[in-house]
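Below you will find the structure I want to go over with you.
Only the coordinates and a few stated rules stand behind these numbers; no lab work does. Every value quoted in this text rests on a predicted model; they were computed, and no experiment measured them. Neighbour counts are summed over all protein chains in view; Cβ atoms, including those assigned to glycine, are modelled from backbone coordinates with ideal geometry.
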Amino acid sequence: MGRGKVQLKLIENKIYRQVTFSKRRSGLLKKAHEISVLCDAEVGLIVFSTRGKLCEYATDSWCIFLLFHSMDKILERYERYSYAEKVLVSAESETQGNWCDEYRKLKAKVETIQKCQKQLMGEDLESLNLKELQQLEQQLESSLKHIRSRKSQLMLESISQLEKKEKSLQEENTVLQKELVEKQVHKQQVQRDQTLPRPS
């Protein structure tokens, strides 16, 4: 006759509880090792007793160093899988309504930008009160100030470039004049040499 189904509940006696924990823990570690070897599976097992004592098992953990290393690898893999699973579920659960909400938000932003552009051009000002008109005026004055500053900067840069170009042309002109004078002197020297009588 088979054994009846045992009802699982907390063991009230602390001694019996500790003995049962030790036995079940050993069996659990053995099963973890067996499934790791037989099925070539990566297994990570972490157990804390009621006293807070840690008991752990990880694949390829035949020494303390490899235990920590193997456990870290398994936990890291679990975290990557868990994160990927959450991202996938989140992406799949996104409904058409969310896309519609996003579209409405973007459409509202575009309409606001277009309205601001028209107001900056002096259009659609009827809906603005005095304070809003003053703010718009300040924005225009600030924009105009930046435009003038940029214009002045470009003009100064242009003047500086023209001055550099003028200086370069002057230097080239000086060099050409010097070469021309040297050629003229050389030509006159040749002519004088030709007019001199040759010795008999």
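Give me the one-decimal nm value for the distance between modelled label points at Glu182 and Ser49, 7 Å along each residue's Cα-to-Cβ direction.
About 10.2 nm, to one decimal.
Can you list the HN-Hα couplings for the stretch 110-121, worked out from phi with the Karplus curve (6.51, -1.76, 1.60; θ = phi - 60°), rounded to whole Hz and with x for Gly and Pro?
4, 4, 5, 5, 4, 5, 5, 4, 5, 5, 5, 8
Report the Rg/Rh value for the stretch 129-180, based on alpha-carbon coordinates and the Kirkwood definition of Rh.
Numbers: Rg = 22.4 Å, Rh = 14.5 Å.
Rg divided by Rh gives 1.55.
Would you kindly state how much longer the chain becomes between Thr195 and Ser143 on full extension, computed as 0.36 nm times their sequence separation minus their alpha carbon distance, in nm to one decimal?
Details: separation 52, 0.36 × 52 = 18.72 nm, distance 7.76 nm.
Extending this stretch completely gives an extra 11.0 nm.
At R0 = 22 Å, how high is the FRET efficiency between Arg150 and Leu120 if r is their beta carbon distance? Nearest 0.05 is fine.
Details: r = 17 Å, r/R0 = 0.78.
Rounded to the nearest 0.05, the efficiency is 0.80.
Tell me, what ³J(HN,Hα) does each residue in the stretch 13-25 have, in order and in whole Hz, if you take phi through Karplus 6.51 cos²θ - 1.76 cosθ + 1.60 with θ = phi - 60° and put x for Gly and Pro?
Result, ordered by residue: 6, 5, 5, 4, 4, 5, 4, 4, 4, 4, 5, 5, 5 Hz.
Would you count, across the stretch 10-54, every pair of lysines whose alpha carbons are under 18 angstrom apart, provided the pair is eight or more residues apart or spans two chains? Mind showing how you got there, number by number?
Numbers: Lys14/Lys23; Lys14/Lys53; Lys23/Lys31; Lys23/Lys53.
Lysine pairs meeting both conditions in the stretch 10-54 amount to 4.
Could you calculate the contour length gain from Leu38 to Lys23, that is, 0.36 nm times the residue separation minus the distance between their Cα atoms, to one decimal place in nm?
Details: separation 15, 0.36 × 15 = 5.40 nm, distance 2.24 nm.
Gain in length upon complete extension: 3.2 nm.
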